[in-house]
1. If you scan the stretch 14-37, which residues turn out to be assigned to a helix (DSSP H, G or I) and under 18 Å from Asp152 (Cβ atoms)?
2. Considering the stretch 15-28 alone, what residues qualify as being of a type outside the set (Gly, Ala, Ser) and either surrounded by 17 or more Cβ atoms within 10 Å (Cβ to Cβ) or farther than 17 Å from Val86 by Cβ (or both)?
3. Would you check if there is a residue in the stretch 38-49 being in a helix (DSSP H, G or I) and among the β-branched types (Val, Ile, Thr)?
4. For the stretch 60-162, which helices (runs of 4 or more DSSP H) that fit wholly inside it have 2 or more residues that are modelled with pLDDT of 75 or more?
5. Out of the residues in the stretch 29-47 meeting the condition of being among the charged types (D, E, K, R) and under 17 Å from the mean Cα position of the chain (by Cα), tell me which one is surrounded by the fewest Cβ atoms within 10 Å (Cβ to Cβ).
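The values are calculated or read from the model by the stated rules, or taken from the named source; none is laboratory data. Note that the coordinates shown come from a computational prediction; the quantities given were computed from them, not determined experimentally. Positions of Cβ are generated from backbone atoms using ideal geometry, with glycine treated the same way; all protein chains shown enter the neighbour counts.
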Amino acid sequence: MTTLTDTQILADIRSEDPAALRAVYVKYREPCLAFLRGRIIRQGDPNRDDLAVELFTDAMIIMVNNIRSGRLTELSARLDTYLNAVARNLYLKLKTRGREEYREANKLPTPLILPEYEIDGDEVRRILYARVRELGNRCRQLLSHFYFLDLDWESIADILGYKNAASAKNNKAKCMVRLRTLYGLTRQKQSP
């Protein structure tokens, strides 16, 4: 297996190569989680492990968005240093603003989307992001692994500890039902 340079990884992510995302995720997940647990998140925090995973996942998403938007074209440090810094900044933002404001869930209008209103793409993405964050860590991880990291079902089952690929796929379907409900896209059953 060839070891890719950080520059090559940036180029591959920019060209939407799922193998590059997988490589970054697998290579940097545990070191970043160890960094967050050991140096950033307080020892007494009861949700320390979940928070570390949440911050790493968000850092990965921010990194990918920055690469694809052209905001991150070259690194002045190693890629793991960049991910650690982004995760650290997210944690500091979380602690200074508080969880509710960080998640922005309370600021969103309800019902979210009505057919008679048009909402621009940025607003839809903001609302969707907030609703995904409301799903909880397990669903968020599952959906992130499937949609953003483009991992196959066997890999997702292995990483997240599901019994098999079918179990992971079934849980993804349940998460999507919950997301649609939060997003306001469920249809009401009509009585006969």
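1. Hits for the stretch 14-37 are Pro18, Ala19, Ala20, Leu21, Arg22, Ala23, Val24, Tyr25, Val26, Lys27, Arg29.
2. Once the filter is applied, which keeps residues that are of a type outside the set (Gly, Ala, Ser) and either surrounded by 17 or more Cβ atoms within 10 Å (Cβ to Cβ) or farther than 17 Å from Val86 by Cβ (or both), the stretch 15-28 yields Glu16, Asp17, Pro18, Leu21, Arg22, Val24, Tyr25, Val26, Tyr28.
3. Looking for residues that are in a helix (DSSP H, G or I) and among the β-branched types (Val, Ile, Thr), one finds at least one in the stretch 38-49, hence yes.
4. It comes to 79-97, 121-134, 137-143, 153-160.
5. Ranking the candidates gives Glu30 first.
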